[in-house]
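See below for the structure under consideration.
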Amino acid sequence: MKKLIFKIGQFPHLSETFILAQIITAIKSGYEVRILVTELLDFDNSKHLEIIQKFDINNKIILENYKIPNNKVIRLFKWIVILVLNLKSIKQILHFYKENRKFSFTWLYQWNFYKKFDDIDIFHVQYGTNTKPLDILKKIGFKPSLIVTFHGHDAFFPINGFIPNNSYYDNLFKFGNLVTVNTLYLAEELLKLGCSKDLISIVPVGVDTNFFYAKANMENSLKKIKLITVGRLDKVKGHHYSIEVVNKLIKKGIDINLTIIGDGEERENLKDLIEKYQLHEKIFMKGSKSHLEIRQALWDHDIYLLSAVALPNGRAETQGLATLEAQACGLPVIVFDSGGVKYTLEDGISGFVCEEFDIDCMIHNVEKLLNDFDKYKNMSNEAVSFVNNNFSQQLIDCKWKTIYSDLSYGK
């Protein structure tokens, strides 16, 4: 059985359901899967505990622990022992130290930890920031194929506000086997960083269309528009523009409300804006919800709104999974043309794309759907077809099976 290790920072992370879906894809593809994590979170608090238990995920975890003694004397003694036991690999060890530039006992402990994985077929790293030290190990002869999947913030420097671009991805771009991104937008950002076009493959995050699907019965008219948006409360999501849209529509005498699902650092700022406009009876902040709760909320609403915008450092929404889940449930979507969002719908067919920051365009399109129910029904049907034909998890799984097969150990 082929062996595949996912390398992840924190797991299981509430906001990263797509990573769990990726792991399950590999398991279903017949790989012996392990998950290497830097920090193990509480499984009992996961909103996907049932899936984790079904696929025995908790027993596939390997903690990235180099077992470095706290006592300096013992640390030195153990370091010497490891070095003596690996004298036949001294050239590789010296090369590894050279690549890390500054001397540290840590590097030998790190090398010793990873050497036991040399018979693995594939390392699949989630987020570019989790690549190290695999990029260096590949440079000095590490055998497993290396796939790194970028998700967005990991392509914009300074990453997380403090990681500089001091040749940060040079080894990955030169010695990695494959870099995957979810949209053409993110691919273009990596090209700017020096990644070869030949190294990049576009593989969108898929939607479980067996779970997210449209309800059979549709109303005969839209007497009142119920808007919804789902996602972490982050500035890049631009939730305050959605609030502005609702405020202006209400001032025009249109009966409308907005549900915001998600949590994050922008929560208090958004609550203050809702209070400023006295919209607490029209805009509802629901916090984080489970998949089941999100699906039900989508079924209970009419139009999905995503007013994501680029941040000053250029970082923008790279795909927008919730936009696809909404369409799979039969909701037309209205979005800003920010980052890779436009690749998640067919403009004028399954939804509308407005210029970034153009609130009036969003308002116009909400009114258009409110006043033309035939258009609304048609767009709803097209939204479902668009996701099923382009983003269903089955289609994405097939792409990953091909990728994993092509990069199996020894190729």
- Message: What figure, in Å² to the nearest 10, do you get for the accessible area of Asp118 with a 1.4 Å probe and non-protein molecules left out?
- Response: 50
- Item | Taking segment 160-294 and dividing mean pair separation by its residue count, relative contact order in percent (alpha carbons under 8 Å, at least six apart) | 18
- Query: Counting DSSP beta bridges in the chain, what percent are antiparallel, to the nearest 5?
  - Reply: 5
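Can you pick out the pairs among Lys60/Lys138; Lys2/Lys174; Lys143/Lys342 whose Cα atoms lie more than 31 Å from each other? Mind showing how you got there, number by number?
Values: Lys60/Lys138 24 Å; Lys2/Lys174 25 Å; Lys143/Lys342 38 Å.
Violating the 31 Å limit, Cα to Cα: Lys143/Lys342.
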- Item | Cα-only Debye scattering, segment 70-200: base-10 log of I(q)/I(0) at q = 0.15, 0.22 Å⁻¹ | -0.77, -1.29
- Build a GNM of the chain with springs between Cα atoms under 10 Å: which of Ile334, Ile163, Ile261 gets the top mean-square fluctuation? Ile163
- Item | the chain: Cys lacking any partner C-beta under 4.7 angstrom | Cys195, Cys329, Cys398
- Message: I'd like the trypsin sites (Lys or Arg not before Pro) in segment 222-294 restricted to DSSP loop residues with at most 10 other Cβ atoms within 10 Å, sorted by number.
- Response: Lys223, Lys252
- Query: Relative contact order for the chain: what is it in percent, counting Cα pairs under 8 Å that are at least 6 residues apart?
  - Reply: 15
- Query: Which whole number of Å³ per residue matches the convex hull of the alpha-carbon atoms in segment 98-141?
  - Reply: 82
- Message: Let me see the P(r) profile for segment 1-82: every Cα-Cα distance counted, bins of 5 Å, each bin given as a percent of all pairs.
- Response: 3, 13, 22, 20, 12, 9, 7, 8, 5, 0
- Query: Starting at 0 and stepping by 10 Å, how many percent of the alpha carbon pairs of segment 196-274 end up in each bin?
  - Reply: 13, 32, 29, 20, 6, 1
- Note on the structure: re segment 304-374: pairs of Cα atoms spaced beyond 18 Å account for a percent value of 33
- Query: What is the projected area of the convex hull of the Cα atoms of segment 324-411, averaged over all directions, in nm²?
  - Reply: 6.7
- Item | Most mobile of Leu199, Leu191, Leu321 in a GNM of the chain (Cα contacts under 10 Å) | Leu191
- Mind checking which aspartates and glutamates have their C-alpha under 12 Å from Lys248, skipping anything on the same chain fewer than 8 residues away? Asp360, Glu367
- Go through Lys226/Lys377; Lys7/Lys289; Lys116/Lys197; Lys115/Lys399; Lys215/Lys237; Lys98/Lys132 and tell me which ones have a Cα-Cα distance over 20 Å in this structure. Lys7/Lys289; Lys116/Lys197; Lys115/Lys399; Lys215/Lys237
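Name the chymotrypsin sites (Phe, Trp or Tyr not before Pro) in segment 144-174 that are in a loop by DSSP and that have at most 13 other C-beta atoms within 10 Å, would you?
On the way: sites: Phe150, Phe156, Phe162, Tyr168, Tyr169, Phe173; in loops: Phe150, Phe156, Phe162, Tyr168, Tyr169.
The qualifying sites are Phe162.
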- Message: Compute a Gaussian network model of the chain, connecting alpha carbons closer than 10 Å, and tell me which residue from Leu249, Leu233, Leu76 fluctuates the most.
- Response: Leu76
- Message: At a threshold of 8 angstrom on Cα-Cα distance, excluding pairs fewer than six apart, so keeping six or more, what relative contact order does segment 275-411 reach in percent?
- Response: 20
- Fraction of accessible area attributable to carbon and sulfur, the chain (%, probe 1.4 Å): 49
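Express the accessible area of the chain per residue in Å², computed with a 1.4 Å probe while the remaining protein chains stay in the model.
Numbers: 19470 Å² over 411 residues.
Here the per-residue accessible area is 47 Å².
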- Task: Quick one: pull the percentage of alpha-carbon pairs in the chain with a separation above 39 Å.
- Result: 26
- Over all pairs of different Cα atoms in segment 165-313, the reciprocal of the mean inverse distance gives a Kirkwood radius in Å of 18.3
- Note on the structure: For segment 35-101 the trypsin sites (Lys or Arg not before Pro) that pass both the DSSP coil test and the at-most-12 other-Cβ-within-10 Å test are Lys67, Arg101
- Principal semi-axes in Å for segment 351-396 [√(5λ), Cα gyration tensor, largest first]: 25, 16, 5
- Could you pull out every residue, at least 5 positions away or on a different chain, whose amide H is within less than 5 Å of the one on Val207? Hs are placed 1.01 Å off N in the peptide plane, and Pro or chain starts have none. Ser392, Gln393
- Message: I'm a student and want to see the number: the projected area of the Cα convex hull of segment 1-160, averaged over all directions, in nm².
- Response: 10.9
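Given the Cα-Cα distance of Asp360 and Phe77 and 0.36 nm per residue of separation, how much length would full extension add, in nm?
Extra length from Asp360 to Phe77 when fully extended: 95.0 nm.
The values are calculated or read from the model by the stated rules, or taken from the named source; none is laboratory data. Keep in mind it's a predicted model, so treat the numbers as computed, not measured. Here Cβ is always computed from backbone atoms with ideal geometry, including for glycine, and neighbour counts include all displayed protein chains. The accessibility values were calculated without ligands, DNA or RNA, using every heavy atom of the protein model including side chains. Shrake-Rupley method; radii C 1.70, N 1.55, O 1.52, S 1.80 Å.
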